[in-house]
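Asks: Attaching a single structure in structure tokens format; questions to follow.
The values are calculated or read from the model by the stated rules, or taken from the named source; none is laboratory data. This is a predicted model, so every value here is computed, not measured. Neighbour counts are summed over all protein chains in view; Cβ atoms, including those assigned to glycine, are modelled from backbone coordinates with ideal geometry. Please note that ligands, DNA and RNA were not included when accessible areas were found on the heavy atoms of the full protein model with its side chains. Shrake-Rupley method; radii C 1.70, N 1.55, O 1.52, S 1.80 Å.
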Amino acid sequence: IKGVNELTYDWEHGHAPDPITAVITHHADSGGGERVVTQQLSAVDTSAVGTVTFTSDTVNSTNYDAAQIHITSTDGTFKAYLLDVDNSGATGTTTGGGLIFVQLHGKSGRNAVALELQAAINHANGHNAGTANSKIAISVDAGVVTLTQATPGITGNTTIFNYINTTATEVSGF
């Protein structure tokens, strides 16, 4: 009699499947109706990676104002980042409701938007609490913010949610 795992061995490619891989589905109401996000969890010794892609070079209220990006780090810290073009608060400061401002007033181009998100995450009020890349390592290139959980493990595989009414921002991963 063969065990269940013996029957799933990948003989063609010479290795067994990763036993820690799983697929989960989240349902979220993003203000514009229900949105389903499916994510594949990685192995325990891998740091989760996600991206936030800003697709418009036009920084205005139609494209970015009031958009929220919700991120949870490996240690369970949840932060919501609020994109603001009205100069309501400086990048990294918080609203009365605890949202962290990403100030875009006077900014031009999607890379400038990406750099402000990076600054907010690295700010004392952000995930990295004033120490760059301590919980979430961040790189920015051509309007794409790549976020890598500093601590590897399955607990870092959380979905980045994008609560906005625009197509100028796309998120994936974790």
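Asks: With θ set to phi - 60°, apply the Karplus curve 6.51 cos²θ - 1.76 cosθ + 1.60 along segment 89-96 and write out the HN-Hα couplings as whole Hz, x wherever there is a Gly or Pro.
Replies: Those phi angles translate into x, 6, 3, x, 6, 10, 7, x Hz.
Asks: Still on this structure, I have one more. In a shell of Cβ-Cβ distance under 15 Å around Thr72, excluding Thr72 itself, what net charge do Lys and Arg (+1) and Asp and Glu (-1) give?
Replies: +1
Asks: I want the local charge near Ile121. Using Cβ-Cβ distances under 13 Å, sum +1 for each Lys or Arg and -1 for each Asp or Glu among the other residues.
Replies: Combined, the nearby Lys, Arg, Asp and Glu give +1.
Asks: Okay, next question. Considering the alpha-carbon set of segment 58-99 alone, what are its Rg and its Dmax in angstrom?
Replies: 11.6, 35
Asks: By accessible area of protein heavy atoms, probe 1.4 Å, what ranking do Glu116, Glu170 get, highest first?
Replies: Order by accessible area, largest first: Glu170, Glu116.
Asks: How much length, in nm to one decimal, is gained on full extension between Thr93 and Thr155, taken as 0.36 nm per residue of separation minus their Cα-Cα distance?
Replies: In short, 19.6 nm is gained.
Asks: Just to verify a number: FRET efficiency for Ala132 and Thr62, C-beta to C-beta distance, R0 = 30 Å, to 0.05?
Replies: E(calc), rounded to 0.05, equals 0.45.
Asks: Right, another one. With a ≥ b ≥ c taken as the square roots of the eigenvalues of the C-alpha gyration tensor of segment 43-123, please select rounded if a/c is under 1.5 and otherwise prolate if a/b is larger than b/c or oblate if it is not?
Replies: Cα axes put segment 43-123 in the oblate bin.
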